[in-house]
Structures are given as C-alpha cells and as structure tokens.
Amino acid sequence: IGTHRDVTAERDRQRELESYRKLFENTTDCVVEIERVDGDSLIKRVNGAFEETFGYTEAEVRNEDIHDALTPEEYREEGMEIRQEYLAGNQPVYEVTRNTADGQREFLMRAVNFEDRFYVVYTDITERKQREQAIENARAELRQIIDLIPDPLYVKNRDDDVLLSNEANAALHGLTPEE
C-alpha cells in the first residue's frame with residue numbers, strides 16, 4: 001500500500017520562510033521582532049545590525065517591552081502615540097530618538113504589522129541629523145555676519161531674483177530682508 005502527499009505548498013512555504021530569515025539577518029537596518037502580549041509590545045528577536053548599532057544583545061532585551069527598553073523617558077508620550085498607531089494596524093514612519101548602550105541616537109523608525117506580531121525597523125540617521133544641524137548653525141552664523149555689515153548687500157541668481165538681502169539693503173528699499 002502506498003500513499004502520496006503533495007508537499008509543494010509546504011516546500012514553497014519553507015523557501016519563503018528562509019527568504020524572510022535571510023532578509024531579517026542580513027539587512028543593514030536594525031530590525032526588532034515584537035510580539036503583542038497582554039497589551040505589551042515584547043521584543044522577541046533582534047538582528048545583528050540592531051545588536052551592533054544599539055549595543056544591546058538579544059538576550060539583554062528579549063521579553064522587554066520595546067518602549068521600556070529603548071524609548072528615552074522624555075519621549076515616552078510620543079512613543080505611546082506611535083504604539084497606538086501601529087496597534088491600530090497602521091504602518092507608521094517617524095524620526096525618533098532612542099536609547100542605545102552609548103547614549104541617545106536618532107533613527108528613522110518604521111513599524112510593519114503581521115498578524116500577531118510586528119517588526120520595527122530602525123535606520124540610524126544620527127550623523128545626517130548632526131550634519132543638518134551643523135548646516136543650520138552655519139547658515140544662522142552667516143546670516144548674522146551679513147546683517148552686521150553696515151553697507152547694503154544682496155545676492156541675486158542668474159534670473160535676477162534676489163536670494164538674500166541684509167538689513168541695510170532692505171532698509172534702503174523700505175522692506176524687510178525676507179521681503
């Protein structure tokens with residue numbers, strides 16, 4: 001007596017699971033697998049990029065509520081609003097500050113929902129935010145220098161549009177520098 005059983009669907013499912021496992025393990029973004037348990041969002045797994053960037057091992061954060069483990073105290077309210085959004089089935093994207101073993105860092109955070117669990121993906125944007133702040137500081141300093149020049153000063157583009165005017169030039173024309 002012989003029996004036959006079609007295992008094609010099972011093999012396809014195993015291949016799909018293997019693809020997800022490889023994606024989870026090999027992505028350069030920090031990935032945290034979260035399981036919802038009694039209203040808490042418990043960390044079940046993290047990938048190597050998370051361990052490297054955050055400085056916490058999986059064993060250190062496993063079964064911790066993600067907000068207790070990673071959200072700084074001063075951002076708890078914001079974190080709870082984000083939690084409500086992904087618990088409602090949305091897939092929010094936010095720039096957030098999170099605790100790491102080396103202090104706070106800035107991340108682009110995305111939550112991806114799956115049936116009884118979800119994944120939080122963090123991309124470290126700390127250096128980008130620092131560069132943006134440095135550029136903003138340089139612009140503010142340049143603006144101060146330009147406004148301290150007592151002579152009228154302005155900058156135009158090739159289309160003859162005024163891009164920048166100091167206070168002396170604006171006053172000469174009876175306008176504000178922004179006008």
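3J(HN,Hα) along region 154-163: 8, 10, 10, 8, 5, 8, 6, 8, 6, 9 Hz, from the Karplus curve 6.51 cos²θ - 1.76 cosθ + 1.60 with θ = phi - 60°, whole Hz, x for Gly and Pro.
Charge tally around Gly55: other residues with Cβ under 13 Å, Lys/Arg +1 each, Asp/Glu -1 each, net -4. Comparing Glu127, Glu18, Glu85 in a Gaussian network model of the chain, where Cα atoms under 10 Å apart are tied by springs, the biggest mean-square fluctuation is seen for Glu18.
The stretch between Lys129 and Gln14, if pulled fully straight at 0.36 nm per residue, gains 37.3 nm over its current Cα-Cα span. The ellipsoid equivalent to the alpha-carbon distribution of region 23-82 has semi-axes of 20, 13, 11 angstrom, derived from the gyration tensor eigenvalues as √(5λ) and listed largest first. If R0 is 25 Å, the Cβ-Cβ spacing of Ala88 and Asn63 corresponds to a FRET efficiency of close to 0.55. Its relative contact order, with pairs defined as Cα atoms under 8 Å and 6+ residues apart, puts the chain at 14 percent.
Value of Rg to Rh for the chain, rounded to two decimals, is 1.26; Kirkwood radius and Rg both from alpha-carbon coordinates.
Across region 82-138, Cα-Cα pairs farther apart than 17 Å form 48% of the total. Where the accessible area of the chain is counted over protein heavy atoms with a 1.4 Å probe, how much of it, in %, is carbon and sulfur? Percent of accessible area from carbon and sulfur atoms in the chain: 47. Where the alpha-carbon atoms of region 19-119 are placed on the principal axes, they occupy 32, 30, 23 Å, in descending order. Modelled spin labels at Asp40 and Glu95, positioned 7 Å past Cα toward Cβ, are 3.3 nm from each other. In terms of overall dimensions, the C-alpha atoms belonging to region 1-49 reach 51, 31, 12 Å along their principal axes, ordered largest to smallest. When the inverse distances between all different Cα atoms of region 78-179 are averaged and flipped, the Kirkwood radius reads 17.6 angstrom.
The values are calculated or read from the model by the stated rules, or taken from the named source; none is laboratory data. What you see is a predicted model; the values in this text were computed from it and never measured. Methodologically, a virtual Cβ is constructed for each residue, glycine included, from the backbone with ideal geometry; neighbour enumeration extends over all protein chains shown. Calculation scope for accessible area: heavy atoms of the full protein, side chains included, ligands and nucleic acids excluded. Shrake-Rupley method; radii C 1.70, N 1.55, O 1.52, S 1.80 Å.
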